[in-house]
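Rule-based calculations on the coordinates, nothing more; no lab input. Please read all numbers here as calculations on a predicted model, not as lab measurements. A quick note on method: Cβ atoms are made from the backbone with ideal geometry, for glycine too, and the neighbour counts reach across all protein chains shown.
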Amino acid sequence: MNTVLFVKANDRPMERSVSVKMYEQFLRSYKESHPHDTITEIDLYEVPLPYLGNKVIDAGNKAAKGLPMTTEERTLQRFVSSKLEQFISADKVVFAFPLWNLSAPAVLHSYLDYMHHPGKTFSYSEEGATGLLTDKKVALLNARGGVYAEDDRFEMAVNFVINHLSFFGITDITTCVIEGHHEFPDSGEKIIREGLQQVEEVAAGF
């Protein structure tokens, strides 16, 4: 039995969001095909995610050094640590997010900021940084209205997330992308329908 963390980074209603449709389709298919796994869902728009800045950094530094913290710093540190430990303890993680204005939503950026913790997700040595989460399995569900080549410099959502995961040592990454439904509106419904079928199949085998 595996522990699976589902992370949703889109607060638009499902009828107006392809990435939310992907999330719900994957979740439904996964539950049907993996009935004994433990699933936890987190909607990044439903929880307050403080930006990485002076307060969060100071709280983390003080906690690492065992220094006294203010009440606010303790609250921030507990929150960040809870999200970090939840991510680390999951055997599998599923991210669903759109490409908005060439990048991933800001809430997902903040969430991934919390995952950078030396000694837990990566370590330093004479050779440089080494990722520590080599056994984790991840699925990325992304929707984008245009079509982007794999190495397109304007695609900074999927590539952005993969770069973070790779830094943590995660290499078992499955990517499902539905794209082009805005660029080719006459084929939009077909593109989405076929993409969701792929999502269902990937979930069953994830």
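Some notes on this structure:
- As a proxy for reagent exposure, ranking F87, F206 by other Cβ atoms within 10 Å from fewest up yields F206, F87.
- In terms of surrounding Cβ atoms within a 10 Å radius of their Cβ, L108, L102, L5 rank from fewest to most as L102, L5, L108.
- Option label - log10 I(q)/I(0) by the Debye sum over Cα atoms at q = 0.09 Å⁻¹ computed here, alternatives (i) -0.73; (ii) -0.37; (iii) -0.30: (ii)
- Restricting segment 1-39 to chymotrypsin sites (Phe, Trp or Tyr not before Pro) in coil, as DSSP defines it, with at most 12 other Cβ within 10 Å: none
- Given K8/K120; K21/K120; K62/K83; K62/K92; K65/K137, the pairs whose alpha carbons are separated by over 29 Å: K21/K120; K62/K92; K65/K137
- Whole-number percent relative contact order across segment 94-141, with pairs defined as alpha carbons under 8 Å at least 6 apart: 44 percent
- 222 nm mean residue ellipticity, helices alone, for the chain (DSSP H n ≥ 4; -39,500 (n - 2.57); rounded to 500): -13000 deg cm²/dmol
- Crossing angle, helix 158-167 versus the chain [Cα axis fit, 0-90 degrees, rounded to tens]: 40 degrees
- GNM remark for the chain: springs join alpha carbons under 10 Å apart, and the peak mean-square fluctuation among E126, E41, E73 falls on E126.
- Nearest-20 debye value, the chain charge dipole, Cβ charges on Lys, Arg, Asp, Glu: 660 debye
- Percent RCO, i.e. relative contact order, over segment 3-205, from Cα pairs under 8 Å lying at least 6 residues apart: 26 percent
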